[in-house]
Amino acid sequence: MKKLCFGIMLATLSTASAAEAAQIKVLCSNGIKAVVEDLVPQFELATGHKVVLTFEPSTQLKKRIDAGEPFDLTVLTPALIDSAIKEGKIASDSRTVLARSGLGLSIRAGARKPDVGTVDAFKRALVAAKSITYAQQGASAAPFEALVEKLGIAAQLKPKYLLRDTAAQVGEAVASGTVELGVAPVSEILPVKGVERVGAFPADVQSYVVMVAGVSASAKEKDAARNLIAFLTAPANLSVIKAKGMER
């Protein structure tokens, strides 16, 4: 039944767009990159549309939007999407939550994994680490900084920080052995070669990075952009979202 429904959805999208293929410009947060890279080719095949993707941290994408860069669809964190809606840059009725990812720790592939199964074990692992990195411009920075303050270990961890600008740079630093522990959304840990996920943060202290889509108020391809959102949120694609370390 799921496959049948998925087929009907693809047929509907294809029929709706057969008359004129569109080029959809998407400014997309790195937080959902793995999901989008998997699903967009399927969308293009089904519809004939071309999706032009730009991946960066949400904060950097918002700066591009504020500078007047044209786009059809963007995926950002909730606060930035809501800000863009208030500023009249995103159509309010297009706001759609796509998925969320919990924060996790990464370590170089083959290295000994510390226990992070409980809050106390998690604290010990952070304090015992020789070095820690996270993306200063990424969505995980603020919740992680707030968490270590709450846990009372911020002063102990600060001298260990070797921060990077993006989650990709965090992965590279951990994979090379330059930094012992990396902090990032699980969805940005799993695709990185040379690293392994230690584990997600314990449930009692977990924070989620939520990815929200919105169509530009001045989008050239409004309908095609909305079709792309519908495709990304289709129930049949939930398995891809889960496989990439995210959830609805």
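For first residues located in region 119-137 and over 16 Å from Gly104 (Cβ atoms), partners that are assigned to a helix (DSSP H, G or I) and lie 6+ apart or on another chain with Cβ distances below 7 Å form the pairs Val127/Gln156; Lys130/Lys160; Ser131/Lys160; Gln137/Thr59; Gln137/Gln60. Is it the case, given these coordinates, that Ser140 is over 21 Å from the mean Cα position of the chain (by Cα) and of a type in the set (S, T, N, Q)? Considered against the rule, which asks whether it is over 21 Å from the mean Cα position of the chain (by Cα) and of a type in the set (S, T, N, Q), Ser140 comes out as no.
Can you name the residue in region 200-238 that is surrounded by fewer than 19 Cβ atoms within 10 Å (Cβ to Cβ) and of a type in the set (Ser, Thr, Tyr) and is also farthest from Leu147 (Cα to Cα) among such residues? Result: Ser218. On the basis of being free of Cβ contacts under 8 Å to residues at least 12 places away in the same chain and on the phi > 0 side of the Ramachandran plot, does Gly177 make the cut? For Gly177, the condition - free of Cβ contacts under 8 Å to residues at least 12 places away in the same chain and on the phi > 0 side of the Ramachandran plot - is not met.
Here is the figure for region 158-167: residues that are in contact (Cβ under 8 Å) with a residue 24 or more places away in the chain and either within 18 Å of Lys113 (Cα to Cα) or surrounded by fewer than 19 Cβ atoms within 10 Å (Cβ to Cβ) (or both) total 5. Of all residues in region 57-64, at least one satisfies being in contact with a Leu (Cβ under 9 Å, 6 or more places away or on another chain), among the polar types (S, T, N, Q), buried (at least 22 other Cβ atoms within 10 Å of the Cβ) and not in a loop (DSSP other than H, G, I, E, B). Identification of helices (runs of 4 or more DSSP H) wholly contained in region 126-207 with 3 or more residues that are hydrophobic (A, V, I, L, M, F, W, C) and touching a Lys or Arg at 6+ places or on another chain (Cβ under 9 Å) yields 167-176.
Read-outs throughout are calculated quantities, based only on the coordinates presented, and are distinct from any laboratory measurement. Just so it is clear, the model here is predicted, and its values are computed rather than measured. Neighbour counts run over all protein chains shown; Cβ positions are idealised from the backbone, glycine included.
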